[in-house]
Amino acid sequence: MSSTEQTPRPGRLTAAAAVAGVEGLALLAGGLYMLVAVLADRPDDLTSGLMGGATLVALGLIPLAAARGLWLRRSWSRGPAVITQILALPVAWQLLQANSVMIPAGIALAVLAVTGLVLLVSPSTTEALGIKRPGQDPA
């Protein structure tokens, strides 16, 4: 096999990239919605609304970059993807504590975050990204 050929991308790596991409798109969409809503409604606290929307947009770029990196088998991408999953868990917990229509969103986010974590720490994902386990020879 030549150095330009790679083994096929493991399904778990592809799925992990998809999970990160879905989360990134959701954050991006939520941030854009918030920005449009704030600008359309002209609330009393325009600055807070704009900052909240801009923050969600910026946070959405992190898992999107990680998803692209995972797709391209970049080892650096696993870190931001794992952090995104870990940060999603308390958000999901808060949504599950609400007595509202947000409970299904909390369930969906929790399932995505746990699924993403399992996929990201999978041995096939680790190997495909070229990440060495502790004690493994750096050959």
Net length gained if the chain between Ile131 and Trp93 were fully extended (0.36 nm per residue, minus Cα distance)
10.6 nm
Grab the DSSP H runs of the chain that are 4 residues or longer, score each as -39,500 (n - 2.57), total them, divide by all residues and round the 222 nm result to the nearest 500 deg cm²/dmol.
-25000 deg cm²/dmol
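Only Cα pairs under 8 Å and at least 6 apart count here; give the relative contact order of the chain as a rounded whole percent. Don't skip to the end; give the middle numbers.
Working: 160 pairs, mean separation 38.9, N = 139.
Once divided by the residue count of the chain, the mean separation gives 28 percent.
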For helix 46-71, report the angle its Cα long axis makes with the longest principal axis of the Cα atoms of the chain; keep it between 0 and 90° and round to the nearest 10°.
20
A student asked for the Cα radius of gyration and Dmax of the range 73-139 in angstrom ought to give 15.3, 54
Lys and Arg at +1, Asp and Glu at -1: neighbours of Thr84 with Cβ under 14 Å from its Cβ sum to +1
If you line up the long axis of helix 11-41 against the longest principal axis of the chain, both from Cα atoms, how many degrees apart are they, to the nearest 10?
20
Give the angle, between 0 and 90 degrees and rounded to the nearest 10, that separates the Cα long axis of helix 78-97 from the longest principal axis of the Cα atoms of the chain.
40
Packing-based order for 77-90, 57-70, using average beta carbon neighbours within 10 Å, highest first:
57-70, 77-90
The simple spin-label model distance between Val114 and Leu61, using points 7 Å out along Cα→Cβ, in nm, is 3.3
With equal scatterers on the alpha carbons only and no solvent term, can you work out the Debye log10 of I(q)/I(0) for the range 1-95 at 0.12, 0.13, 0.19, 0.22 1/Å?
-0.48, -0.54, -0.89, -1.04
Take the alpha carbon gyration tensor of the range 41-116, find the square roots of its eigenvalues, order them as a ≥ b ≥ c, and report rounded if a/c is under 1.5; if not, report prolate when a/b exceeds b/c, else oblate.
oblate
Accessible area per residue, 1.4 Å probe, Å², for the chain: what's the number?
63
About its Cα centre, how strong a charge dipole does the chain have in debye, to the nearest 20, once Lys and Arg get +1 and Asp and Glu get -1 at the Cβ?
460
On a full-extension model of 0.36 nm per residue, what is the gain between Leu39 and Val101, subtracting their alpha-carbon distance, rounded to one decimal in nm?
19.8 nm
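The values are calculated or read from the model by the stated rules, or taken from the named source; none is laboratory data. All figures in this text were calculated on a predicted structure; none of them were measured in a lab. Positions of Cβ are generated from backbone atoms using ideal geometry, with glycine treated the same way; all protein chains shown enter the neighbour counts. These accessible areas exclude ligands, DNA and RNA; they are computed on the full protein's heavy atoms, side chains included. Shrake-Rupley method; radii C 1.70, N 1.55, O 1.52, S 1.80 Å.
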